[in-house]
There are 2 protein chains.
Amino acid sequence: MTSFPDSHRDLLDAEVALLATIGGDGLPQQTAVWFLHDEGELRLSLNTSRLKTRNMHRRPVCSLMILDLDKPHRYLVVRGRARLEPDDEYAFARKLGAKYNADLKQNDRPGEGRVKVTIEPTNVYPVDMRAG
Amino acid sequence: MTSFPDSHRDLLDAEVALLATIGGDGLPQQTAVWFLHDEGELRLSLNTSRLKTRNMHRRPVCSLMILDLDKPHRYLVVRGRARLEPDDEYAFARKLGAKYNADLKQNDRPGEGRVKVTIEPTNVYPVDMRAG
């Protein structure tokens, strides 16, 4: 179970996080993602066909930023290893979908699957400052 | 001069962008930064002592995400090469500071300097969808 600072604990329930992975071209890649604070960890449910998922299959590392949308100088960044596990039965996808009142399977086409991604942090970095 | 899609042109005047670089440990690193849409390009003014600056000295690549804070499923991502140029006289820092009505030099300590970072895009990626 990862320890998160009390000062930024509210962000663990935010709607959106910003995921950075490393592309096949060696450049960072950023996308907005849904996430769940689940059993003490930050987890994602990703479609197997997406670039971000393929990036983490190749290089299982990532950074997840949760931004306070009302005060974008305040955010939490969790960097580390990305542990990918099959979610063929959509068990975790349903759990994450409940947070958003959404059925993730409806987003997926035939032949696509889901993986459950757990971030194993090497850094948890709370920020509260003006950018600059 | 980089071409940006009209659908996301308003974001070029946003207050904050989210920069992803690659750390010495090979993991992505994300921070919020000030930026300026200047002479048709996206540019940053960074303190030379910061980790993100050192990351780009080592590996001159980055991704910059500009998020619509009111609709975080809508954003612009610009990925590419980071061109770093000395800004010893703070000429560009003043130009960027004018956007924020701020004196960037006041943030810097003796011995620290500034670089002007221009993103030379390989991808410009407009997104407008629900995350998931």
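As a calculated quantity, the FRET efficiency between B:Arg109 and A:Arg59 at R0 = 22 Å, using C-beta atoms, amounts to about 0.05. At q = 0.16, 0.28, 0.30, 0.31 Å⁻¹ the log10 of I(q)/I(0) for the stretch B:12-62 amounts to -0.46, -1.14, -1.22, -1.25, computed by Debye summation with a single uniform scatterer per C-alpha, solvent ignored.
Between B:Arg50 and B:Lys99, the contour length at 0.36 nm per residue exceeds the Cα-Cα span by 15.5 nm.
The mean count of C-beta atoms from other chains within 10 Å of the C-beta of residues in B:65-77, rounded to a whole number, is 4. Selection among A:Leu69, A:Leu36, A:Gly26 by position relative to the dipole of chain A gives A:Gly26 as farthest towards the positive end (Cβ unit charges, Cα centre). Interface area, chains A and B: about 3300 Å² of buried accessible surface, summed, with a 1.4 Å probe and ligands, DNA and RNA left out. The angle between the Cα long axis of helix A:91-100 and the main principal axis of chain A comes to about 50°, on a 0 to 90 degree scale. Ellipticity at 222 nm from helices only: DSSP H runs of n ≥ 4 in the protein assembly as shown, each -39500 (n - 2.57), divided by the residue count, give -4000 deg cm²/dmol. Pick from A:His37, A:His57, A:His73 the residue whose mean-square fluctuation is largest in a GNM of chain A, springs joining Cα atoms under 10 Å. Fluctuation is largest for A:His73.
Of interest is the spacing of the C-alpha centroids, which for the stretch B:61-132 and the stretch A:3-60 amounts to 22 Å. Rounded to the nearest whole Hz, the Karplus-based 3J(HN,Hα) values (6.51 cos²θ - 1.76 cosθ + 1.60, θ = phi - 60°) of the stretch B:33-44 follow the sequence 9, 7, 8, 9, 7, 10, 6, x, 10, 8, 9, 10, with x at glycine and proline.
Our summary of shape: the Cα atoms of the protein assembly as shown have principal axis extents of 59, 39, 32 Å, ordered from largest down, in whole angstrom. Percent of Cα pairs in chain B per distance bin of 10 Å, from zero to the largest separation: 12, 44, 35, 9, 1. Take the stretch B:6-128 with all the other protein chains still there, run a 1.4 Å probe, and you get 45 Å² of accessible area per residue. Residues of the stretch B:24-52 that lose at least 40 Å² of accessible area (1.4 Å probe, protein heavy atoms only) when the other protein chains are present, relative to their chain alone, are B:Leu27, B:Pro28, B:Gln30, B:Ala32, B:Trp34.
Shown for the stretch B:11-132: lysine pairs separated by 8 or more places, or found on different chains, whose C-alpha atoms are under 17 Å apart, numbering 5. Averaged over the residues of peptide B:109-116, the number of Cβ atoms from other protein chains lying within 10 Å of each residue's Cβ is 0.
The values are calculated or read from the model by the stated rules, or taken from the named source; none is laboratory data. Computed from a predicted model, the values in this text were never measured in an experiment. Neighbour counts are summed over all protein chains in view; Cβ atoms, including those assigned to glycine, are modelled from backbone coordinates with ideal geometry. Calculation scope for accessible area: heavy atoms of the full protein, side chains included, ligands and nucleic acids excluded. Shrake-Rupley method; radii C 1.70, N 1.55, O 1.52, S 1.80 Å.
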